[in-house]
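What follows is one structure encoded as structure tokens, with my remarks underneath.
The values are calculated or read from the model by the stated rules, or taken from the named source; none is laboratory data. Here the structure is a predicted model, which means the values were calculated and not measured. No Cβ is skipped: glycine too gets one built from the backbone with ideal geometry, and neighbour counts run over all protein chains shown. Note: areas computed on protein heavy atoms with side chains; ligands, DNA, RNA excluded. Shrake-Rupley method; radii C 1.70, N 1.55, O 1.52, S 1.80 Å.
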Amino acid sequence: MQIYRSHILVCGGTGCVSGGSKDVIDEFQKELERRKLDKEVLVVHTGCHGMCELGPIVVVYPEGTFYCRVQKTDVAELVEEHIYKGRPVSRLMYAGSEEMPVVPHYKEIPFYSKQERIALANCGYINPDNIDEYIARRGYEGLGKVLSGMTPAQVIDEMKASGLRGRGGAGFPTGLKWSFCAASKGDKKYVICNADEGDPGAFMDRSILEGDPHCVIEGMMIGAYAMGADEGYIYCRAEYPLAIQRLKTAIAQAEEYGLLGQNIMGTDFSFTVHIKEGAGAFVCGEETALMASIEGRRGMPRPRPPFPANSGLWEKPSNINNVETWANVPRIMVNGAEWYSSMGTDKSKGTKVFALTGKVKHTGLVEVPMGITLREIIFDIGGGILDDKKFKAVQIGGPSGGCLTEDHLDAKVSYESLTALGAIMGSGGLVVMDETTCMVDVAKFFLTFVQKESCGKCPFCRIGTKRMLEILERITAGEGKMEDLDTLEQLALMVRTGSLCGLGQTAPNPVLTTLKYFRDEYVAHIKDKKCPAGACTALVKYSIDPAVCIGCTKCARNCPASCIAGEVKKPHVIDSEKCIRCGNCKEVCPVGAVSVE
Amino acid sequence: MAKIKSLDDLRKIRESTSDLSSARTGQGTVVVVGMGTCGIAAGAREIMNSIMAELARRGITDVAVQTTGCIGMCEKEPLVDVIRDGSRVTYGPVTPGDVATIVAEHVVNGRVVDSLAIGRAD
Ligand SMILES: Cc1cc2nc3c(=O)[nH]c(=O)nc-3n(C[C@H](O)[C@H](O)[C@H](O)COP(=O)(O)O)c2cc1C
């Protein structure tokens, strides 16, 4: 086999691809060929490195040099300087703090130093389209170990001992769930991977599938062996074309090696897996709706019991787990339950992947041990708030979750502690908000989402969320009444108790947590007709301070509504009637004369 | 593609692909070739090619080969450093004919080639 002295890893995750990483790869190949280095340097596309905001990311090994925002035009210099002459290019390295202005190596970047990568172990490290790279990193060894020396019951015991809980949101203990399906009688059983990932802002599962598709397939196979299933489905939303393409390649390569199919590794165990593309309805992530959708029916939840373990896909015993849950399984089998359960808290073991987004410096994908504090995630890993503004809240758990405040920053991240605060772990969305975010507006945003995504089966969810949304729209338009707050709370309670599935049961959470922790903002909207964050356009007013204005005319020239009048070198005035509150004038004013309230 | 029929088959593939990951860990023995203008002018490219060929011939996959810029000893170029067991030995000027000796003696067996060594740092 060909030996390469250096490997250039270029991120091929969706974020970096849209930043131009495909061109970067082609350019590297061209440049290396031109310099006749293509036989000694390998260019590889990998999965997500997590630091999406600084992409396209390039890592050069063996040194492990980390380059950010690499463009096609940087490639010639990188090849000439780093690859050919051995002089790393500091201009493209991560810009650190004052003590360490450039940080050349991956592991030294604060974003990575607090992370613990298990589910993401291979993401950004291997070529997801090459099964050999997965095998080189102990891939399919967990399956081999299980098939050659463990009984199904032993596998389930190992899973129970690991303490792994479902990463799809509810946190149900995985080993226990498997034991139900294993105990269920039936000649045909299914395992299913839930890759619907519908939460706004979440992209954990997409990144795992794009960066390390084999680990999910291997996890499903181990589960299938433990539960007596021989067929699997991966339900992946069609909006994830790259993930689907990589899964297809992975399945084809595993089939070629005989790792999928009949009599795997010379045993009686056989397994085939299919991909089902979903149309991206949020409710289709709910397990019973998801199975209906695979069967070709309309995706609507049904009452449980019967649970999938007894009557699931085509009424056969089935087990459904989330992408990240499956991804952890091979690692637990290779390294043992004890290793896994040594990380995390008492009841929440291991790690959790979060998609860190919003007003934080380093948005991206992070995997952290359970028990870490929100402060560590947002400030140490995420680098704090964008433009050094003030932290206001963090929304955790997506539309089913809640908003937490400054007071909760030192709360430890675990299923129990987050639930106790009124939020949930959820699938891993973390949206950070600063002082310019209006919490009523945030509640409205999430409620609009669930309102649209409600399947309509339960009246409380269908109509209740609609009524709640109407109230929020009134409040943000300055037409709210104080009684509205009580009505909101009443409706919230009814929607929560009167809905069949998690969508309705949790839909009021964003409203309830903001009402609990940011009630004064609601009151300001209703009583003072003011939006303290200056975000609700109907309630803000722009004005120019005549004492500060220098009459440069910049605001007037940039006003799309032509509502600013004034002579050159004389104070200008905004016509509030015509103003559309776009904020352009405030942005362009060189002396800060425009204020908003 | 051969089928994987057992855990042993899987391990064999893993061994044959171990280079894929070892080149990305940066641990173990490191060989560094001076590729400053001085090194290139003195024939460092050829030395690099010989090193890669020699490692490939011997099937050595756990050695990292790196390049570096000028270190100031331009008249001794091409320079090759071997970092092994915590110490760094500099060889120069190295000819393509010396490469096999350095790889066999120092890289593989850990014996410094005194006749070619010009510096050592622990
Ligand atoms: C409205 C709704 C949407 C859901 N969306 C997802 C999803 O996108 N991905 C997911 O893994 N689980 C989702 N779930 C949870 C699943 O119903 C199920 O609990 C989960 O797939 C079980 O896997 P786990 O035990 O590995 O977490 C959703 C639940 C509800 C109620």
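Being part of a strand (DSSP E or B) and either open to solvent by 10 Å² or more (accessible area, probe 1.4 Å) or of a type in the set (S, T, N, Q) (or both) is the filter here; which residues of region A:62-101 pass it?
Selection gives A:Thr65, A:Met93, A:Tyr94, A:Ala95.
Among the residues of region A:35-50, write down those that are among the hydrophobic types (A, V, I, L, M, F, W, C) and over 36 Å from the mean Cα position of the chain (by Cα).
The answer is A:Leu37, and nothing else.
Just the residues that are assigned to a helix (DSSP H, G or I) and touching a residue at least 12 places away in the same chain (Cβ under 8 Å), please, taken from region A:4-21.
Once the filter is applied, which keeps residues that are assigned to a helix (DSSP H, G or I) and touching a residue at least 12 places away in the same chain (Cβ under 8 Å), region A:4-21 yields A:Thr14, A:Gly15, A:Cys16, A:Val17, A:Ser21.
Here are some residues: A:Ala535, A:Ala556, A:Ala561, A:Ala507. Which one is open to solvent by less than 70 Å² (accessible area, probe 1.4 Å), touching a residue at least 40 places away in the same chain (Cβ under 8 Å) and not assigned by TED's automatic domain parsing to the domain that holds A:Met482?
Just a single option satisfies the conditions, and that option is A:Ala535.
Among the listed residues A:Lys248, A:Lys160, A:Lys185, identify the single one that is assigned to a helix (DSSP H, G or I), farther than 25 Å from A:Ser342 by Cβ, over 20 Å from the mean Cα position of the chain (by Cα) and more than 12 Å from the ligand (Cβ to nearest atom).
Just one listed residue meets the conditions, A:Lys248.
Rundown of residues vs (1) within 14 Å of chain B (Cβ to nearest Cβ); (2) buried (at least 24 other Cβ atoms within 10 Å of the Cβ), yes/no style:
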| site | (1), (2) |
| --- | --- |
| A:Ala136 | yes, no |
| A:Gly142 | yes, no |
| A:Thr151 | no, no |
| A:Met159 | no, yes |
| A:Ala170 | no, no |
| A:Lys189 | no, no |
| A:Asp199 | no, yes |
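Checking the structure you have, find out if any residue of region A:43-61 is crowded, with 21+ Cβ neighbours inside 10 Å, without any contact (Cβ under 8 Å) to a residue 40 or more places away in the chain and within 14 Å of another protein chain (Cβ to nearest Cβ).
Looking through region A:43-61, at least one residue is crowded, with 21+ Cβ neighbours inside 10 Å, without any contact (Cβ under 8 Å) to a residue 40 or more places away in the chain and within 14 Å of another protein chain (Cβ to nearest Cβ).
Sort out which residues of region A:125-134 are open to solvent by 10 Å² or more (accessible area, probe 1.4 Å) and either part of a loop (DSSP other than H, G, I, E, B) or more than 7 Å from chain B (Cβ to nearest Cβ) (or both), and write them in order of number.
A:Tyr125, A:Asn127, A:Asp129, A:Asn130
Name the residue that is nearest to the ligand (Cβ to nearest atom), counting only residues in region A:295-333 that are among the basic types (Lys, Arg) and in contact with a helix residue (DSSP H, G or I) (Cβ under 8 Å, 6 or more places away or on another chain).
Ranking the candidates gives A:Arg304 first.
Among the numbered criteria (1) within 14 Å of another protein chain (Cβ to nearest Cβ); (2) in contact with a helix residue (DSSP H, G or I) (Cβ under 8 Å, 6 or more places away or on another chain), which one does A:Glu81 miss?
(2)
Somewhere in region A:269-286, is a residue among the aliphatic types (A, V, I, L, M), in the same structural domain as A:Trp178 (by TED's automatic domain parsing), within 14 Å of the ligand (Cβ to nearest atom) and within 21 Å of A:Pro128 (Cβ to Cβ)?
Checking region A:269-286: not a single residue is among the aliphatic types (A, V, I, L, M), in the same structural domain as A:Trp178 (by TED's automatic domain parsing), within 14 Å of the ligand (Cβ to nearest atom) and within 21 Å of A:Pro128 (Cβ to Cβ).
Could you run through region B:52-77 and say how many residues are in a helix (DSSP H, G or I) and either in contact (Cβ under 8 Å) with a residue 60 or more places away in the chain or within 8 Å of another protein chain (Cβ to nearest Cβ) (or both)?
Count: 3.
Determine which single condition A:Leu356 fails, assuming it passes every other condition in (1) surrounded by 23 or more Cβ atoms within 10 Å (Cβ to Cβ); (2) more than 12 Å from the ligand (Cβ to nearest atom); (3) over 26 Å from A:Gly149 (Cα atoms); (4) at pLDDT 95 or above.
Here A:Leu356 clears every test but (4).
Does region B:34-44 hold any residues that are under 13 Å from B:Thr95 (Cβ atoms) and either facing chain A (nearest Cβ under 8 Å) or assigned to a helix (DSSP H, G or I) (or both), and which are they?
B:Ala44
Would you confirm, using the coordinates I've provided, whether A:Asp205 is of a type in the set (Asp, Glu) and within 12 Å of the ligand (Cβ to nearest atom)?
Yes, satisfied.
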